[in-house]
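One structure below.
The values are calculated or read from the model by the stated rules, or taken from the named source; none is laboratory data. Worth saying up front: this structure is predicted, and the values here are computed from it rather than measured. Every residue, glycine as well, gets a Cβ built from its backbone with ideal geometry; the counts of neighbours run over all protein chains shown. For accessibility, only protein heavy atoms count, side chains too; no ligands or nucleic acids. Shrake-Rupley method; radii C 1.70, N 1.55, O 1.52, S 1.80 Å.
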Amino acid sequence: MSHKTRFVALLAAGALMLPLAACASTTPGGAANCNVGITMPTRSLERWINDGEQLQKKLKDAGCTVDLQYADNKVDQQISQIQNQIAGGAKILVIASIDGTALGPVLEEAAKQSVKVIAYDRLINGSPNVDYYATFDNYKVGQLQGNFLKDQLKLDSAAAPINFEPFAGSPDDNNAKFFFAGAWDVLLPYVQKGTLVVPSGKAPKSNDEWTSIGIQSWQSDKAQAEMDNRLSSFYTGGKKVQAVLSPNDSLAIGIVASLKSAGYAPGADYPMITGQDGDKANVKAILAGEQAMTVWKDTRKLGDRVFTMIQQITKGEKVEVNDEKTYNNGVKVVPSYLIEPEVVTKDLVQSKLIDSGFLKASDVGLG
Ligand code: BGC
């Protein structure tokens with residue numbers, strides 16, 4: 001081989017090698033095409049802050065480009081954040097929607113740019129352009145709350161009727177429907193039998209009527225105002241509420257505040273209140289006997305799952321799901337990965353929440 005031919009051969013080999021080398025160095029797990037836009041509903045709830053920050057960190061550590069946005073629970077704001085992310089070159093969108101029915105047009109835009117869409121925690125409805133859904137088993141969340149009340153109140157053997165007030169989550173959040181259905185499938189039979197009595201009359205006759213007791217945007221102050229109304233109108237003459245179905249922790253905060261201002265204090269006459277999320281303030285309330293339980297969703301597991309989905313998408317692998325029947329968004333059944341939620345009561349705070357590193361002992365006044 002002459003000098004010249006060897007040089008050309010080397011060049012050719014180099015030209016072949018270069019893209020490979022570039023691939024190998026910048027795309028461990030496809031990081032070069034890993035450009036992700038994350039949109040979360042609000043900073044007003046602790047869980048969304050943790051969710052967003054954890055996922056962002058994992059992705060950045062893996063070499064992805066990430067844009068993380070919070071929308072103050074405003075639908076228009078979320079839509080323009082998503083538009084900006086598409087315009088900015090995002091190839092994957094991770095969206096925890098505010099209104100699960102409002103994103104059709106912006107997702108059509110995403111599809112035109114071949115952007116993959118992962119619905120995060122909340123399903124996005126009415127659009128064909130939702131590729132995957134990662135969430136907790138939302139029906140199970142409600143079922144755990146319903147079964148907790150059933151067992152703790154001993155509904156199968158209760159001697160006297162129990163005064164009970166149910167609440168539901170935000171009417172625009174698809175999850176809220178599942179939470180309610182899970183709980184109501186357990187509790188409605190006891191309302192029908194008269195074991196549970198709802199003095200306010202706000203007991204939906206079927207799962208489908210859940211929005212009639214939904215609290216818009218999951219706001220604590222709205223739950224508090226609603227509980228104030230129920231207590232002042234229907235709990236007169238010494239009547240006491242004994243149990244409250246609260247679908248999550250932010251509503252439980254408002255309900256507890258209302259009870260306190262109406263003179264309830266932890267002890268014999270204090271109602272049993274459910275929750276969901278394991279927010280710090282609520283865990284403190286659980287330790288203080290003001291809230292009976294929370295359904296804990298280890299959001300780190302959800303972040304890990306979405307991270308895996310993103311890696312599988314960028315590597316062109318099959319995305320792993322474990323449910324292909326439950327989440328029909330009105331246009332299609334969205335392939336989903338469901339994670340198991342679990343009950344945390346006072347005696348499980350240490351072993352579940354603190355020992356696992358989800359919360360610090362000092363966060364909840366224990367250390
Ligand atoms: C989430 C809950 C949360 C609620 C309010 C729901 O979609 O699944 O974890 O408590 O929204 O933000």
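Listing for the model above:
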read-out: Length added when fully stretched, Leu287-Gln77, from 0.36 nm per residue minus Cα-Cα; value: 71.9 nm
read-out: Accessible surface, per residue, of the chain when the full set of protein chains is kept, probe 1.4 Å, Å²; value: 44 Å²
read-out: Helix-only [θ]222 nm of the chain, DSSP H runs n ≥ 4, -39500 (n - 2.57) each, per residue, nearest 500; value: -13500 deg cm²/dmol
read-out: Mean Cβ neighbour count within 10 Å, used as a protection proxy, ranking 345-351, 163-169 highest first; value: 163-169, 345-351
read-out: Out-of-range pairs (alpha-carbon distance over 29 Å; input Lys116/Lys352; Lys193/Lys239; Lys58/Lys222); value: Lys116/Lys352; Lys58/Lys222
read-out: Reciprocal of mean inverse Cα separation for segment 235-341 (Kirkwood radius, Å); value: 16.7 Å
read-out: Sparsely packed GluC sites (Glu not before Pro) within segment 277-326, loop by DSSP, other Cβ within 10 Å at most 16; value: Glu317, Glu320, Glu324
read-out: Hydrodynamic radius of the chain per Kirkwood, over alpha carbon pairs, in Å; value: 22.3 Å
read-out: Inter-site label distance for Lys112 and Lys239 at 7 Å from Cα along Cβ, in nm; value: 5.7 nm
read-out: Extension gain (nm, one decimal) between Gln312 and Val333, 0.36 nm per residue minus Cα-Cα; value: 5.6 nm
read-out: Ranked packing of 195-206, 149-160, 172-183, most packed first, by mean Cβ within 10 Å; value: 172-183, 195-206, 149-160
read-out: Rounded to the nearest 20 debye, dipole of the chain from Cβ charges on Lys, Arg, Asp, Glu; value: 640 debye
read-out: Accessible heavy-atom area order of Lys193, Lys315, highest first, probe of 1.4 Å; value: Lys193, Lys315
read-out: Ranked by how many other beta carbons lie within 10 Å on average, peptides 92-103, 328-339 from highest; value: 92-103, 328-339
read-out: Estimated FRET transfer efficiency when R0 is 25 angstrom, pair Leu348-Asp304 (beta carbons, to 0.05); value: 0.70
read-out: ³J(HN,Hα) computed for each position of segment 209-225 - Karplus, 6.51 cos²θ - 1.76 cosθ + 1.60, integer Hz, glycine/proline x; value: 8, 4, 5, 4, 10, x, 9, 4, 6, 6, 7, 4, 5, 6, 5, 5, 4
read-out: Relative contact order, percent, the chain [alpha-carbon distance under 8 Å, six or more residues apart]; value: 16 percent
read-out: Eligible lysines near Lys60 by straight Cα distance, threshold 16 Å, same-chain separation 8 or greater; value: Lys91
